[in-house]
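Beneath this line is the structure, given in structure tokens, with notes to follow.
The values are calculated or read from the model by the stated rules, or taken from the named source; none is laboratory data. The structure displayed is predicted, hence computed values, not measured ones. Using ideal geometry, Cβ is built from the backbone for each residue, glycine included, and neighbour counts are taken over all protein chains shown.
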Amino acid sequence: MQTDFISAGKIKFERKTNMHRLYFTDEEMDSWDEMFKKLFPQFKVNLFELSFNNNQSLYKTAKDNPEVKMGFFGETPGSANTVFKDLEKGSSSSQKQIFESMFLINDSIPQYEWKLQSETRTIANFECKKAITKICDSVVVVAFYTEEIPCSSGPESFGGLPGMILGLAIPRLYTTWFATSLELGDQPIAPPAKGKNTTSKGLLKTINDGIGKWDEKWRNRMIWQAVL
């Protein structure tokens, strides 16, 4: 049976973070932690959209994204990220909020060493295949991609698979991204333009300089979030 490949459209994504697992561990909890834990819900959900065609993609916050404040702990990983990819040129432009500043990162598209798996699952009515990679040497990323959408892109900076990523999970950030719907047709796609210009290496230096002597766990988590 012949498959009709989808060349342009907009995918809605739901990103879900387990805030209690992200910020609290039972072995480290004290009375203050218990008090803070009760101040906000266990899960935070954000909505994103990914517009794409054969050569480009744009991932950004959805217009109907709920405004949910998380109090003392601020936002979840990549809560305001905008990521543009020019697949033909191999370049990307990302807008990311780090500390109190907005940065514009112009760089090449990250190259991931994916290991393709035999497992499949259905996401947003598409049959998807599983793949696994790592970021920062040790942080596992699990993706599910569909070959019915040939655009080699996905949420955040991820891509490089034989089709669009519709499902993503980073267990050590207790965060998942899953497609919920697809709107067919051409969409406006343009790179972000606001923020302090830097590169990926420059952004990591800014984070390391800003974190100083923070606990190693929090330092690592901040870096993982920044490279999404």
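Filter region 1-44 down to the residues that are at pLDDT below 90 and assigned to a strand (DSSP E or B), then identify the one that is farthest from the chain's Cα centre (by Cα). Ranking the candidates gives Phe43 first. Listed by first and then second residue, the pairs linking a residue in region 162-174 that is more than 20 Å from Lys12 (Cβ to Cβ) and modelled with pLDDT of 95 or more to a residue that is among the acidic types (Asp, Glu) and assigned to a loop (DSSP other than H, G, I, E, B), with Cβ atoms under 8 Å apart and 6 or more places separating them unless they lie on different chains, are Pro162/Glu147. Between Ser181, Ser157, Ser138, the distinction of being hydroxyl-bearing (Ser, Thr, Tyr), out of contact with any Pro (no Cβ under 7 Å at 6 or more places or on another chain) and more than 15 Å from Lys12 (Cα to Cα) belongs to Ser138 only.
Residues in region 78-108 that are among the hydrophobic types (A, V, I, L, M, F, W, C) and within 14 Å of the chain's Cα centre (by Cα): Ala80, Val83, Phe84.
I'd like the residue in region 87-104 that is without any contact (Cβ under 8 Å) to a residue 40 or more places away in the chain and farther than 22 Å from Asn65 by Cα and, out of all such residues, is surrounded by the most Cβ atoms within 10 Å (Cβ to Cβ). This residue is Ser91.
Ile165 passes every criterion in (1) under 16 Å from Glu119 (Cα atoms); (2) surrounded by fewer than 19 Cβ atoms within 10 Å (Cβ to Cβ); (3) β-branched (Val, Ile, Thr) apart from (2).
Under the condition of being of a type in the set (Gly, Ala, Ser) and at pLDDT below 85, which residue from region 179-228 is farthest from Asp4 (Cα to Cα)?
Here is the first cut: in region 179-228, the ones of a type in the set (Gly, Ala, Ser) are 179, 181, 185, 190, 193, 195, 200, 202, 210, 212, 226.
Narrowing the set further to residues that are at pLDDT below 85 leaves 210, 212, 226.
Values: Gly210: 49, Gly212: 52, Ala226: 36 Å.
Top of the filtered list is Gly212.
Which one is modelled with the lowest pLDDT, of the residues in region 76-110 that are within 23 Å of Thr176 (Cβ to Cβ) and among the polar types (S, T, N, Q)? This residue is Thr76.
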